[in-house]
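Worksheet: the structure to be examined is printed underneath.
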Amino acid sequence: MAKFLGLVRRRTSCGHHTTRQSENVFSISARRVERASAEPSPRPLLWNQFILEERFLDKFFLYFNASDRRTLAQVCTRWRDVLYSSPRWWTGLVAVLDCRELRSATGCCMQRFYNSLIRRGIRGVVLVSASDDDINEFIRQFPLSAHHVHAISLKGCTITDRGLEAILDHLQVLFELELTGCNEITEAGLWACLTPRIVSLTLTDCINIADEAVGAVAQLLPSLYEFSLQAYHVTDAALGYFSPKQSASLSVLRLHSCWELTNHGVVNIGMLAYYLLKIFNI
């Protein structure tokens, strides 16, 4: 009986303590409710304020692709600043520069454009109709490209071996190179300036590209992963320049309009063909 009574007293004492705690909690909650009701509720944003909110814009811009966002960035400075603040909005875009039009642009205008490429994290550049002088001007106006540009494409350009050497020496983190319709580039120029950093190379419709150019590619680019070639005067002997050491890296080989190639050319590749993931002869 004493244990039972003692147990009852402890329960009564505990229950009384719990009751007092509950009263305290209720009184605290009541004070909070009174204080909350006394504070004014936040006013809803107006439409012209809402469309400038970064949280809204972060979701709104997701409904557009990278190309559409180029137009959206011109709506107002706020939208531009939000879009320029993160490279994720510009994934997959490259900057296309027609050098014939750029020759009349002011240096200040070009400087702003190049700075915007840095802010947006755009690391691919296409130069159209560039000459050696245009290459030198690009290097002078965009010095930060040396450690920013990862891929460059030269299309329909009149640059010589000297211009190609200048741009490849300047771009220290270049991994992808495309030469299309660059008829002043020679095989000797490729031997002189190809850099081992290049892992993707495209040579298209350059009239001076023949077997020796393929030899330069095979010897100077040990880490080459992807090689696309369109050359009318490449023969079966050119593919013989590739050795088994390329099997560790070269995975994609595209041969477009190489009309002098025969089935024997594939035999000349030897064991390299066994390791290729993709091979195209179009």
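The numbers here are math on the coordinates, done by the rules we state, and not lab data. Owing to the predicted nature of the structure, the values given are computational and were not obtained by experimental measurement. FYI the Cβ positions are ideal-geometry reconstructions off the backbone, even for glycines, and counts take in every protein chain you see.
Brief remarks follow.
- Cβ-based exposure ranking for Y225, Y232, Y84, in which fewest neighbours within 10 Å come first: Y232, Y225, Y84
- Region 190-211 and region 231-268: distance between their alpha carbon centers, rounded to Å: 14 Å
- Prolate/oblate/rounded label for region 61-185 (Cα gyration tensor, a/c 1.5): prolate
- From most to least packed by mean Cβ count within 10 Å, the peptides 93-100, 105-112 give 93-100, 105-112.
- Global geometry of region 147-230, whether rounded, prolate or oblate, following the gyration tensor of its Cα atoms and the 1.5 cut on a/c: rounded
- Taking amide H positions as modeled 1.01 Å from N, with prolines and chain starts lacking one, the residues under 5 Å from V126 and 5 or more places away or on another chain are A95, V96, L97, S153.
- Under the convention that each Lys and Arg Cβ holds +1 and each Asp and Glu Cβ holds -1, the size of the dipole of region 159-206 around its Cα centre is about 140 debye.
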